[in-house]
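Accompanying notes for the structure given below.
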């Protein structure tokens, strides 16, 4: 596998809060560390709060690089992380998602709220429509996403989601195992394309 087929940049979508269970912050720290050690550039929403800051700080702590993509109105509200490698300021939430997708080789979704769900479903829909073939992975810390997986299974059972589309999302509860799944998925895709 050549360098262009490897995972070099991953967008992480996650909450602007840390949640009220320590496992969420611990998993975000571990993910950041793993990305840095694998020499994978973190692309994220540019925030200096919540799990967003946690994962960015961990990447930086272990010598990795972090690119934030922040809408200009958040920058004015002092939400921005001021100590990352690169900050890209955009005009809107839509432009932020577009830029993050453009820069990334894969996506990892951590626990979060409405914004995180919006980002998750947008990249899943793009995969479903064949508009992108990047891995979409969910870090299911504390089984946070189990109810969502039940809903997706119900959507499939009731005929609203084809099995091939249900399987777009990969997941794991362990950060290291999830990162390895992403790397292996990319290698498999690269070999298939030959």
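FYI, it's all coordinate maths here, none of it is from the lab. Since we're looking at a predicted model, the values are computed, not measured. Here the Cβ positions follow ideal geometry from the backbone for every residue, glycine too, while neighbour counts run over all protein chains shown.
Rounded to two decimals, what is the ratio between the C-alpha radius of gyration of region 64-167 and 2.2 N^0.38 Å? It would help to have the intermediate numbers written out before the result.
Numbers: Rg = 15.7 Å, N = 104, 2.2 N^0.38 = 12.8 Å.
Taking N as the residue count of region 64-167, the ratio is 1.22.
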* Hey, any idea what Rg/Rh is for the chain, computing Rh the Kirkwood way over Cα pairs? -> 0.95
* Asked: DSSP beta bridges in the chain, what fraction antiparallel, as a percent rounded to 5?
  -> 5
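Taking the beta-carbon count within 10 Å as an exposure proxy, list 102, 95, 30, 119 from fewest neighbours to most. Provide the component values of the computation, followed by the final result.
Working: 102 11, 95 15, 30 18, 119 23.
Lowest count first: 102, 95, 30, 119.
Using the count of nearby Cβ atoms within 10 Å as a rough guide to exposure, how do 145, 126 rank from fewest to most?
Values: 145 21, 126 18.
Ascending Cβ contact count within 10 Å gives the list 126, 145.
Gain in length, residue 95 to residue 125, computed as 0.36 nm per residue apart minus the alpha-carbon separation, to one decimal in nm? Don't skip to the answer; put the middle values down first.
Values: separation 30, 0.36 × 30 = 10.80 nm, distance 1.69 nm.
Result: 9.1 nm gained on full extension.
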* How many nm is it between the label spots at residue 166 and residue 114, if each spot is 7 Å from the Cα in line with the beta carbon? -> 3.0
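Return a whole-number percent for the relative contact order of region 3-186, with Cα pairs under 8 Å and 6 or more residues apart as the contact set.
Details: 338 pairs, mean separation 43.5, N = 184.
After rounding, I find 24 percent.
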* To do: Mind sorting 146, 158 by how few other Cβ atoms lie within 10 Å of their own Cβ, fewest first?
  => 158, 146
